[in-house]
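Enquirer: The structure follows.
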Amino acid sequence: MSTQNVTKGLFRTKNIENTIRDAADSEHSLKRELSALDLTVYGIGVIIGTGIFVLTGTAAKQYAGPAVALSFVAAGVVCALAALCYAEFASTVPVAGSAYTFSYAALGEFPAWLIGWDLILELALGAAVVAVGWSGYIQTLLADIGIHVPTSIGGGTDSHWGLNLPAAALVLAMTALLVIGVKQSARFTTAIVAVKVAVVLLVIVAGLFFVKGSNYHPFIPPTSNKSANAATGAAQPLIQHLGFAPGAYGVMGIFTAAAVVFFAFIGFDVVATAAEEVKKPQRDLPRGILASLAVCTVLYVAVTLVVTGMQKYTLLSEKAPLADAFNATGAHWLSGFISAGAVAGLTSVTLLLLMGQSRVFFAMSRDGLLPRSFSRVHPRFKTPYRSTILLGLVVACFAAVIPLKALAELVNIGTLAAFILVSLGVIILRRTRPDLPRAFRTPGVPYVPIAAILSCLWLMLNLPVETWIRFGLWMLVGLVVYFGYSRRHVTRALEQSSTEPAE
């Protein structure tokens, strides 16, 4: 086979009309049951997790002071740029798979495989890490009422390893719910999100009574000469190895903090993975993606303004800033509500990450890049039950036996990589398929997608070198799987529907 033919094979795109037609195959299609409200709830459910309860303290104390509220605004703007690109793709190609499917349509088979492989790891690790966090919170709440989970099955301690059965049990329960049906999952998520948002609103309203104006001064602390990151070697951000030291306080501190708090926003892209299960995708997908991001940004900014007003930023706790801020004012009774909100938050995040992962795996399987048997849907529930069960079992094992703290940042780099490819895909598809009906059009193309790409690259540079190394190793494994299995098993239908790569 010539080099030219190999290159064409690697970058052949999948025809969008055929992609949509394949999704209508009854044996391999999902049931359309979701509305714009369901999607908005999904988005809020997956975005609001521990980030709002934890990152505020770290970002304010180390980087930005009370101006951390502006950091959340900056991070929200970055996400909004990517969200506009996701909205155009999701409404134009309303098929399961999110960034994987979009990349296949615009960039070609090989880039699509890489981002699909990346998303499988990102969502699996994300779900496992969140489940472990949920286990910690639920054990704390149980201990408050006198029920103590043995360390041997509760995740162990810093010095002694132990199984984390509560985390595994949560993953298995959420997996079962996803198999039963997406509408049932949506109803459960709605109830959980209602609890979570109620707790966040309680924190905001109750916290207003303890705000002191003096805690906001100075709102933007003067620039410090010390680096905002004291890590060394491979633990340092990549940008630090390139000669730029992250700043502490001042205007640069706001943007350094934005790179930290950005990860509290991760999750809105999961909404796009449910594209094939939306009743009116062209209308409802953009609404769900953008509305959930807007709601979460407002809540995040409100919480940060309250917590930095309740307690001087130099005194904020980095582990539990909200709960500790209320304890410092004597309002101890609110700590329990905050913990309950965290439990609710992590429950919905676990569910939705598992859903997103199974949909990406399902789409890759339907295209033949993974075993086709996993693209069959349940005859009664119309869910991708095989991929859901397989991945649920894998994630449950991860959550039960592997300490994942060191790997958690892989979730972040994987998400940013997906954002970049989707933004690039919008530019390419506008050129190669200007005739394609677009229910939602990203404004300011190519400038908005370019801004999204550059801002995501900046945030990726703020990740540790060791994260880049682990990410590279996972991609190498993906190359082995792709050239050893996937290229030889792509279906004939897919090959026939492929088009030539854009010049």
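Enquirer: Counting just the residues of the range 1-25 that are in contact with a Lys or Arg (Cβ under 9 Å, 6 or more places away or on another chain) and at pLDDT below 80, which one comes out nearest to Ala96 (Cα to Cα)?
Expert: Ala23
Enquirer: Restricting attention to the range 293-322, report how many residues are under 25 Å from the mean Cα position of the chain (by Cα), buried (at least 22 other Cβ atoms within 10 Å of the Cβ) and within 19 Å of Ala342 (Cβ to Cβ).
Expert: Residues meeting the conditions: 7.
Enquirer: Here is a further query. Answer with yes or no whether Arg433 is touching a residue at least 40 places away in the same chain (Cβ under 8 Å), among the charged types (D, E, K, R), surrounded by fewer than 21 Cβ atoms within 10 Å (Cβ to Cβ) and out of contact with any strand residue (DSSP E or B) (no Cβ under 7 Å at 6 or more places or on another chain).
Expert: Working: touching a residue at least 40 places away in the same chain (Cβ under 8 Å): yes; among the charged types (D, E, K, R): yes; surrounded by fewer than 21 Cβ atoms within 10 Å (Cβ to Cβ): yes; out of contact with any strand residue (DSSP E or B) (no Cβ under 7 Å at 6 or more places or on another chain): yes.
Yes: the conditions hold for Arg433.
Enquirer: Here is a list: Arg380, Arg431. Which entry is in a helix (DSSP H, G or I) and basic (Lys, Arg)? Working first, answer last.
Expert: Details: Arg380 fails: in a helix (DSSP H, G or I).
Only one candidate qualifies: Arg431.
Enquirer: What tally of residues in the range 183-228 results from selecting those that are in contact with a helix residue (DSSP H, G or I) (Cβ under 8 Å, 6 or more places away or on another chain), aromatic (Phe, Trp, Tyr) and either buried (at least 19 other Cβ atoms within 10 Å of the Cβ) or over 30 Å from Leu39 (Cβ atoms) (or both)?
Expert: Qualifying residue count, the range 183-228: 3.
Enquirer: Of (1) surrounded by fewer than 17 Cβ atoms within 10 Å (Cβ to Cβ); (2) farther than 30 Å from Val179 by Cβ; (3) modelled with pLDDT of 90 or more, Leu393 satisfies all except one. Which?
Expert: Leu393 satisfies every listed condition except (2).
Enquirer: Picking from Ile220, Ile239, which residue would you name as being modelled with pLDDT of 90 or more and closer than 30 Å to Met460 by Cβ? Before you say what the answer is, go through the steps one by one.
Expert: Values: Ile239 fails: modelled with pLDDT of 90 or more.
Just a single option satisfies the conditions, and that option is Ile220.
Enquirer: Something else: Which one of these is closer than 30 Å to Val130 by Cα, more than 20 Å from the chain's Cα centre (by Cα) and at pLDDT 80 or above: Val445, Val481, Val422?
Expert: Numbers: Val445 fails: closer than 30 Å to Val130 by Cα; Val422 fails: more than 20 Å from the chain's Cα centre (by Cα).
The conditions single out Val481.
Enquirer: Follow-up. Taking the residues in the range 339-369 that are surrounded by fewer than 24 Cβ atoms within 10 Å (Cβ to Cβ) and over 22 Å from Tyr42 (Cβ atoms) as candidates, determine which candidate is modelled with the highest pLDDT.
Expert: By that ranking, first place goes to Ser365.
Enquirer: Out of (1) modelled with pLDDT under 85; (2) in a loop (DSSP other than H, G, I, E, B); (3) exposed (fewer than 14 other Cβ atoms within 10 Å of the Cβ), what's the single condition that is false for Ala502?
Expert: The number of the failed condition is (3).
Enquirer: Now a separate question. Within the range 324-332, can one find any residue that is closer than 14 Å to Thr56 by Cα and surrounded by fewer than 21 Cβ atoms within 10 Å (Cβ to Cβ)?
Expert: yes
Enquirer: Do you know which residues across the range 89-112 are within 19 Å of the chain's Cα centre (by Cα) and in a helix (DSSP H, G or I)? Break it down into steps so the answer makes sense when it comes.
Expert: Initially, the range 89-112 is screened for residues within 19 Å of the chain's Cα centre (by Cα), giving 89-90, 95-103, 112.
Matches in the range 89-112: Phe89, Ala90, Ala99, Tyr100, Thr101, Phe102, Ser103, Ala112.
Enquirer: Pairs needed: first member in the range 180-206, within 19 Å of Ala275 (Cα to Cα); second member anywhere, of a type in the set (Val, Ile, Thr) and part of a helix (DSSP H, G or I); C-beta distance under 8 Å; at least 6 residues apart or different chains.
Expert: Ala186/Val41; Thr189/Val41; Thr190/Val41
Enquirer: So, one more: Considering only residues that are in contact (Cβ under 8 Å) with a residue 60 or more places away in the chain and within 24 Å of Trp113 (Cα to Cα), which ones fall in the range 436-454? Give the derivation first.
Expert: Taking the range 436-454 first, the residues in contact (Cβ under 8 Å) with a residue 60 or more places away in the chain are 436-443, 448-449, 451-452.
Matches in the range 436-454: Leu436, Pro449, Ala452.
The values are calculated or read from the model by the stated rules, or taken from the named source; none is laboratory data. Source: prediction; values computed, not measured. Note that each Cβ is placed from the backbone with ideal geometry, even for glycine, and that neighbours are counted across all protein chains shown.
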